[in-house]
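Report on the structure given below.
The values are calculated or read from the model by the stated rules, or taken from the named source; none is laboratory data. Remember, it's a predicted structure, so these values are computed and weren't measured experimentally. Positions of Cβ are backbone-derived with ideal geometry, glycine not excepted, and every protein chain shown enters the neighbour counts. All accessible areas refer to the heavy atoms of the entire protein, side chains included, with ligands and DNA or RNA removed. Shrake-Rupley method; radii C 1.70, N 1.55, O 1.52, S 1.80 Å.
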Amino acid sequence: MTTTTTILEAVGVPESVGRAIPDAATRETIGYAPIHTVADLDDAVAAARAAQPAWAALGHAERSRILNAIADDIEANSEELAVLLSREQGKPLNGPNARFEVGACALWTRTAADTPIEPEVVFEAGESRAEVHYDPLGVVGAIGPWNWPMMITVWQIAPSLRMGNTVVVKPSEYTPLSVLALAEIYNRHLPDGVLTVISGDREVGAAIAAHPDLDKIMFTGSTATGRRIVEASAGSLARLTLELGGNDAGIILPGTDIEAIAENLFWGIFINTGQTCAALKRLYVHDSQYEQVVEALAAMARTMPLGNGLDEGNVLGPLQNEKQFDIVSALVDDARENGARIVAGGSAAPEHGPLFYQTTVVADISDGARLVDEEQFGPVIPVIRYSDVDDAVRRANASTQGLGGSVWSQDVEAATAVARRVQAGTVWINQHGAINPHVPFGGIKASGYGQEFGVAGLKAVSAPKVIQR
Ligand code: NAD
């Protein structure tokens with residue numbers, strides 16, 4: 001018996017009482033997830049409320065020690081976690097995928113543990129002095145998506161725990177086993193009630209949003225669901241961090257060495273087979289280099305290995321679920337029917353499994369097309385022509401979303417000047433989507449509000465309290 005089986009056995013339940021979770025690539029059942037209800041949620045919140053004072057009383061040093069022990073344990077179990085994640089989510093073990101995600105879980109846990117957060121003196125004059133202290137909020141409810149299920153859960157729970165909160169987390173109904181496995185490792189080190197996973201459906205998510213006894217909701221998912229959470233939390237006035245959808249634009253400035261940026265550009269677009277909130281989803285290229293960029297991306301798209309994630313050779317996988325497969329197919333079909341040129345890919349790849357789609361590059365398409373205006377969240381990039389940089393910036397900013405953006409040029413000063421004008425929570429230069437646990441991350445406009453990571457992320461799960469004399 002491999003250790004992978006051991007973790008799955010620890011978190012799975014018998015078929016008679018569970019929900020079958022398919023392998024994303026083969027669609028064979030890999031295990032059964034518990035079916036938790038709103039009553040289970042209420043019990044978990046009550047347990048978290050009861051456990052919170054003692055957890056807060058441990059203090060920063062002890063909580064940090066425990067979180068570092070958890071990070072060590074994640075590293076010690078990393079291959080088992082990566083195999084389960086690869087099967088459930090679909091992302092390959094290799095490349096910037098499952099092993100990378102598990103590594104990020106350890107790193108973000110450790111960084112949440114080790115980032116200093118001190119009271120701030122904000123005013124001092126004579127006898128007067130004002131300090132801001134960061135206290136625990138109480139109980140945090142976390143709701144996650146299916147694309148980076150383990151890593152995004154860590155983003156939500158590690159800072160919350162560090163700051164002395166207890167947490168109830170609801171994973172996406174598509175990827176509960178990965179999050180249950182992660183929490184199993186966490187709970188080897190945490191007191192009872194401090195962290196509970198509620199493996200429920202959308203109805204349980206809605207009950208978290210409306211729960212009267214949660215102090216904060218951390219949500220990562222679609223903009224549509226984010227709006228529902230804002231409405232549902234009006235009664236409790238729970239604080240919110242909303243990491244919502246994106247439709248990130250990239251702008252390649254004229255005269256850029258395309259060969260030098262090609263690899264970063266490809267992975268900025270196709271990381272996790274395009275199922276990434278802050279992936280590059282609309283690419284604006286100057287007339288003078290349009291065909292060169294289209295061909296460079298198409299050449300990589302045609303040859304980058306796609307297939308079952310457990311095969312070490314593969315770096316691109318399937319769409320995680322049928323709904324997302326249908327969205328991607330419909331957007332490409334719409335582009336084709338409206339005269340766009342499909343330069344690479346453009347159809348399903350059933351030889352690999354039911355939900356595989358070819359890595360697709362679409363040219364001769366512009367703003368107003370559904371594939372440009374809507375979030376594709378899959379392995380497809382529309383490449384859009386521009387002749388004037390100001391116009392490219394205007395079109396990039398025309399979106400209702402504002403998660404990320406990128407500007408590409410070897411002239412870093414020129415790129416920075418354009419980046420200053422792009423409306424997004426993060427604008428990258430010569431990369432897209434790169435994250436760092438010390439650097440705040442979050443969206444603007446309909447991509448949400450609140451920041452995660454670093455000191456800003458710790459403050460976001462704290463109650464600021466002023467002590468003044
Ligand atoms: P989703 O909104 O459909 O689901 C997210 C979670 O919300 C799931 O756990 C679901 O059960 C729950 N949920 C559903 N209805 C709810 C309700 N009424 N109240 C409370 N919870 C409810 O999103 P998804 O399809 O899982 O994820 C894809 C989307 O997430 C994309 O738009 C993507 O851009 C976005 N995303 C954003 C980030 C980010 O950091 N900004 C990261 C990853 C994904």
request  = Just one of (1) away from the ligand (no atom under 15 Å from the Cβ); (2) open to solvent by 10 Å² or more (accessible area, probe 1.4 Å); (3) polar (S, T, N, Q) trips up Thr223, so point out which.
outcome  = (1)
query = Out of curiosity, is Ala56 open to solvent by 70 Å² or more (accessible area, probe 1.4 Å) and at pLDDT 95 or above?
reply = no
query = Does Ala363 count as without any contact (Cβ under 8 Å) to a residue 60 or more places away in the chain and either under 26 Å from the mean Cα position of the chain (by Cα) or over 28 Å from Glu88 (Cβ atoms) (or both)?
reply = no
remark   = When restricted to Val407, Val439, the only residue out of contact with any Phe, Trp or Tyr (no Cβ under 7 Å at 6 or more places or on another chain) and β-branched (Val, Ile, Thr) is Val407
task = Please state which of the following conditions Val439 fails to meet, knowing it meets all the rest: (1) buried (at least 17 other Cβ atoms within 10 Å of the Cβ); (2) within 16 Å of the ligand (Cβ to nearest atom); (3) not small (Gly, Ala, Ser).
result = (1)
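For (1) β-branched (Val, Ile, Thr); (2) closer than 26 Å to Val83 by Cα; (3) at pLDDT 95 or above; (4) within 10 Å of the ligand (Cβ to nearest atom), each residue gets a yes or a no:
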| residue | (1), (2), (3), (4) |
| --- | --- |
| Val121 | yes, no, yes, no |
| Pro145 | no, yes, yes, yes |
| Asn165 | no, no, yes, no |
| His189 | no, yes, yes, no |
request  = Determine whether Leu244 is away from the ligand (no atom under 12 Å from the Cβ) and either of a type in the set (A, V, I, L, M, F, W, C) or over 30 Å from Ser64 (Cα atoms) (or both).
outcome  = no
query = Do we find a residue being farther than 18 Å from Leu280 by Cβ, part of a loop (DSSP other than H, G, I, E, B), free of Cβ contacts under 8 Å to residues at least 24 places away in the same chain and in the same structural domain as Glu259 (by TED's automatic domain parsing) anywhere in the range 325-343?
reply = no
ask   = Applying the selection to the range 11-35, what residues are open to solvent by 50 Å² or more (accessible area, probe 1.4 Å), over 19 Å from Lys170 (Cα atoms) and not hydroxyl-bearing (Ser, Thr, Tyr)?
value = Pro14, Glu15, Arg27, Glu28
ask   = Across the range 113-155, what is the number of residues that are open to solvent by 50 Å² or more (accessible area, probe 1.4 Å) and within 23 Å of the chain's Cα centre (by Cα)?
value = 1
task = Check the range 400-413 and report whether any residue there is touching a strand residue (DSSP E or B) at 6+ places or on another chain (Cβ under 7 Å), within 30 Å of Met218 (Cβ to Cβ), at pLDDT 95 or above and open to solvent by 60 Å² or more (accessible area, probe 1.4 Å).
result = yes
ask   = Can you tell me how many residues in the range 201-220 are crowded, with 24+ Cβ neighbours inside 10 Å and within 30 Å of Val380 (Cα to Cα)?
value = 4
query = Looking at Ser366, is it out of contact with any Lys or Arg (no Cβ under 9 Å at 6 or more places or on another chain) and either polar (S, T, N, Q) or surrounded by 24 or more Cβ atoms within 10 Å (Cβ to Cβ) (or both)?
reply = no
task = Identify all residues within the range 247-280 that are away from the ligand (no atom under 15 Å from the Cβ), not in a helix (DSSP H, G or I) and not acidic (Asp, Glu); write none if there are none.
result = Gly250, Ile251, Ile252, Leu253, Pro254, Gly255, Thr256
inquiry  = Among the residues that make up the range 88-95, is at least one of them farther than 29 Å from Arg19 by Cα and buried (at least 17 other Cβ atoms within 10 Å of the Cβ)?
reply    = yes
